[in-house]
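Input: a single structure, listed below in structure tokens.
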Amino acid sequence: MKRRLWISLIGTIIAVVGALAFNLATDNKPILGLDLQGGLSVILAPEEGASEADLLVIRDLVRSSLERSGVAEPDVRVQGSNIVVDLPGVKDKEEALRSVSVSGIVELRPVVNLSDCSAPITDPEITDDVEPNGFRRSTPEPESDDVVPPVPALFANDAEFLPTLDGSAVCAGPAQASGEVFKRDSASVALGQFGGFSVNVELRSDGEAAWNSLAAQCFNQLPTCPSTGTDVNGASRPGQIAIVLDGVVQSAPVVNTPVFDGNVSITGSFSQEEAEQLADVLNRGAFPVQVTPQETRTVSASAGGDSLKAAIISGLIGLALVLVFLVFYYRQLALVIIGGLAIWGMTVYSAASFVSGATNYALSLAGITGIIVAIGVTVDSYVVFFERMKDEIRNGRTLRNAAPRSFNSTWRTIWSADLVSVIGAVILFSLSVGSVRGFALYLGITTICDLFVCFFFTRPAVLLLARSKFMVGKRAFGLEVAAS
Amino acid sequence: MSRGDYIASSGPGRLFRGQTAVDFYGKRRIGLIVAIVVIVVTLLSLFTRGLNLGLDFEGGDAWDVPASEDFTTDDAADVLEENGVSTTGARIQRRSGETTDVVTIQIEEVSRDVALDLTNGFAERAGVDPEEISFSFTSSTWGGEITDKAVRALVIFLIIVSIFISIRFEYRMAVAALAAMVHDVIVVVGVYSVLGFEVTPATVIAFLTILGYSLYDTIVVFDRVQENEGKYAGVRMPYEDIVNISMNQVLMRSINTSISSILPVISLLLIGSGLLGAVTLREFALALLIGMISGIYSSIFVATPLLAALKANVGRKARRERLTGDNLRAAVIGSGVTGRVAAAPTDVEGDNDDDRDGDDTSVTIVEPAGKLLTHPPRPRKKKRR
């Protein structure tokens, strides 16, 4: 019995201290939340139901969009049915925010008209041209009619008048394809053959048909995609495809060939910045569903640091006050509480490091305050235990006899009460969103650590103490402990 | 050998020695009246004043601008107007800590470009770097979603916890524990409504912590009640007496635990948010403090009397008046040990495996309990081995 207690006690201490040392040695710290170190956090939600795979695709797109804007290792993850972007400590928040605001999916719509959708407009200056890579822009090759795919029904009601980036507007027919026809992340900017910049993008093998169908309509100047003007020679120009994001026409290139073979090159009078912007739009166009930011939060680094400092300092002061009170009240037995709380603290730290590393749940302000509250619940285990021992001893039991009996009844109380907390933590964690989740995680961790420390540290420590001669003749519980 | 035979003369002394004899059940009306007053005040306030829901529940944009002497709430309003944002729906507050003041500006949702302009405008006017400004945007549906999900999680939690308590204890205890918990939430919601504190997601988390703490505290008390129920199983002990005995026995534990739980929260409130000026901590700590005090109060004055009332009409009728005064004290002291209360000094304790080392032990346990007996229980059957 005694040997088992020693094994349990020493084993626990070695395991906990070892885990802590390992975490410190490998520099494995709990990830601090945005509200503790400053940074940017965005929660994106899909507008309609999105499958797990869709969410993963969006996550990867957002991540690469951020990486392009210079954020190293952005923390983007799927949480429930939302995408959570946490960028603690990020420097250029404005730029990061722009990269994250990938709100819409890109639509490809034929341009019906440059002036008429019932509203008056100015003459648009849309001169971007589109051609397959390698084709000369000015030498479009007319193709025979047999490549023309079936033409969709006319769209009298679906045409919309959409603004363009330069402030004018065009009338665009219904969307015939989405940005999904493009290969993910394939858009890039290159120097065009005739000076200026061009944007090259690859077509997906399963998106090529949709794109070519639209391109053929425009190239052949069918009613769904009529000619919108004349070229330099006075001949009527092929139709245009409008690339639309969030209801704004990003570019409306003229189609110079009906069939594209895997590659699309958009040339025009772009500046480098404009070209890069268009490439970005085409890349994000691969979003399978529309997502909108639900919550955006930036916290300045100094405010975050202040909160962290305040929480830690006040937590430590609170802990010190509690210990002073307990030492005053329980005298020598308070040694067990101090040791137990130290072991508990180390266990919580190790567990928090491990869990936040494994699951990416940052330790937020709510988590820290949850831990501070957990101090009270943890101390309660000792109080229930010692009060019970006090009762037993006062009624004539010896310390040695009272300790195991008290522990048995205390353990029953503690696990019942703690189990309720664990149930609450599990349910909150699996069903809630946002900061509540992080809180639930740390509530669960601290409670399980409490049970662990209570059984594997406090029990052997008190039982061994009760058997030793250490307590004999000392005052504890306001009673003098007698030799057994 | 120092023994606990004598009764301490002073109140604190008796408390310390576990010799209190407070008739908690007799004072149940106090708990009832307080609970009714609290509920009425809360409901009145909810109907007339409502809750001051923060940005995250209504949607909109908010800024925290570190404020120097020359950046006032009026300046903030000016910046809003310069950018063509109406100040009528805006909420502009100055929140001060010891080291830093923060001006918080909350407006309805605006476009991202306007929001950026405003951030830069505030930074310029306050003379700080835009990076120093904390900004948050919440869509109007998001707060609702958080709340919906939290409420759904809560309902499921309550159902499962009720089942757990019903199995581990009994369903009446589940009812009483949940009633105490609802009481605590109403108290906190009432305080928030009456004083007009802003409800933020941090507050919601504080509410959840309070729920957990309240249940925890109640279960610790109920566990003792259940243990005593078993202890007096052979004796016709009225339930009110069992409740009173249990309450007095756990009184010192409740006080110690409360002090240990509340000290860190007070530290958080006074030092964390007061001296160090972490304004975000304040609301959280305040909700926690109120909720914890209420949680401790409700386990003693709401949950347990309610349990006794629920159990009053169950099973055997009590033959005599409730124990009070010294009789109660004797019972409190006498049953503060493990094992079943025995009828007579000759009978040894129930599970007496390693209990032989002090002959006087059983006498001490039995002696006060012996006074309670109306008639001796059936003699123990001889063990056949």
(message) Quick check: pseudo-label points 7 Å beyond the Cα along Cα→Cβ at A:ALA320 and A:LYS469, how many nm apart are they?
(response) 3.7 nm
(request) Net charge near A:GLU52: determine it from the other residues with C-beta under 15 Å of the C-beta of A:GLU52, scoring Lys and Arg +1 and Asp and Glu -1. (result) -1
(message) I want to check the label-to-label distance for B:ILE33 and A:ASP261. Put each point 7 Å from Cα in the C-beta direction and report it in nm to one decimal.
(response) 9.5 nm
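Can you give the average number of partner chain beta-carbon atoms within 10 Å of each beta-carbon in peptide B:127-133, as a whole number?
Details: counts 0, 2, 2, 4, 10, 5, 5.
That works out to 4 on average.
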(request) Could you sort A:49-61, B:298-310 so that the peptide with the highest average Cβ count within 10 Å comes first and the rest follow in order? (result) B:298-310, A:49-61
(request) Mind checking the range A:290-395 for GluC sites (Glu not before Pro) that DSSP puts in a loop (not H, G, I, E or B) and that have at most 16 other Cβ atoms within 10 Å? (result) none
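Within 10 Å of each Cβ in B:156-168, how many Cβ atoms from other chains are there, averaged over the peptide?
Values: counts 5, 8, 2, 1, 5, 5, 0, 1, 4, 2, 0, 0, 5.
Partner-chain Cβ atoms within 10 Å, mean over residues of B:156-168: 3.
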(message) 5 Å is the cut-off here: which amide hydrogens, built 1.01 Å from N in the peptide plane, fall below it relative to A:SER178, excluding neighbours closer than 5 in sequence?
(response) A:LEU108
(message) Among the listed pairs A:LYS29/B:LYS149; A:LYS29/A:LYS309; B:LYS27/B:LYS311, which have their C-alpha atoms separated by more than 27 angstrom in this model?
(response) A:LYS29/B:LYS149
(message) Quick check: pseudo-label points 7 Å beyond the Cα along Cα→Cβ at A:ASN233 and A:ALA15, how many nm apart are they?
(response) 8.4 nm
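Please rank A:ARG400, B:ARG224, A:ARG3, fewest neighbouring Cβ atoms within 10 Å first, as an exposure proxy.
Lowest count first: A:ARG3, A:ARG400, B:ARG224.
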(message) I want to make sure I understand the PRE zone here: with the label point 7 angstrom from the Cα of A:ASP166 toward its beta carbon, which residues in the range A:241-284 have backbone N atoms less than 11 Å away?
(response) A:252, A:269-271
(request) Could you work out the local net charge near A:VAL453, counting Lys and Arg as +1, Asp and Glu as -1, over the other residues with Cβ closer than 15 Å to its Cβ? (result) -2
(request) Take every Cα pair under 8 Å in the range A:289-406 that's 6+ residues apart, average their separations, divide by the length, and report that relative contact order as a whole percent. (result) 21 percent
(request) Rank these for me by crowding, B:ASP61, B:ASP129, going from fewest to most other beta carbons within 10 Å. (result) B:ASP129, B:ASP61
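Please list, by residue number, every one of the chymotrypsin sites (Phe, Trp or Tyr not before Pro) in the range A:426-463 that is coil in DSSP and has at most 13 other beta-carbon atoms within 10 Å. Spell out each step's value before the answer.
Details: sites: A:PHE429, A:PHE439, A:TYR442, A:PHE452, A:PHE455, A:PHE456, A:PHE457; in loops: none.
Here no loop site has a sparse enough neighbourhood.
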(request) Go ahead and run the numbers for FRET between B:ARG112 and B:ILE160, Cβ-Cβ distance against an R0 of 41 Å, rounding to 0.05. (result) 0.45
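Taking other Cβ within 10 Å of each residue's Cβ, how do B:THR88, B:THR104, A:THR292, A:THR413 sort, fewest first? Present the calculation step by step, with values, prior to reporting the outcome.
Numbers: B:THR88 7, B:THR104 20, A:THR292 15, A:THR413 24.
Going from least to most buried by this count: B:THR88, A:THR292, B:THR104, A:THR413.
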(message) Give me, ordered by chain and number, the residues 5 or more places off A:VAL112 or on other chains with an amide H under 5 Å from its own placed amide H.
(response) A:CYS171, A:ALA172, A:GLY173
(request) Just report the Cα centroid separation between the range B:200-218 and the range A:402-437, whole Å. (result) 14 Å
(request) Provide the per-residue ³J(HN,Hα) series for the range B:292-302, in order, calculated from phi with Karplus coefficients 6.51, -1.76, 1.60 and θ = phi - 60°, each as a whole number of Hz, with x at glycine and proline positions. (result) 5, 4, 5, x, 5, 4, 6, 5, 8, 9, 10
(message) If you take each beta carbon of peptide A:383-389 and count the beta carbons of other chains within 10 angstrom, what is the mean?
(response) 6
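Where a number appears in this text, it was derived from the coordinates with a stated rule and is not lab data. Since this is a predicted model, take the numbers as computed values, not measurements. Cβ coordinates were reconstructed from backbone atoms using ideal geometry, including for glycine residues, and neighbour counts include every protein chain displayed.
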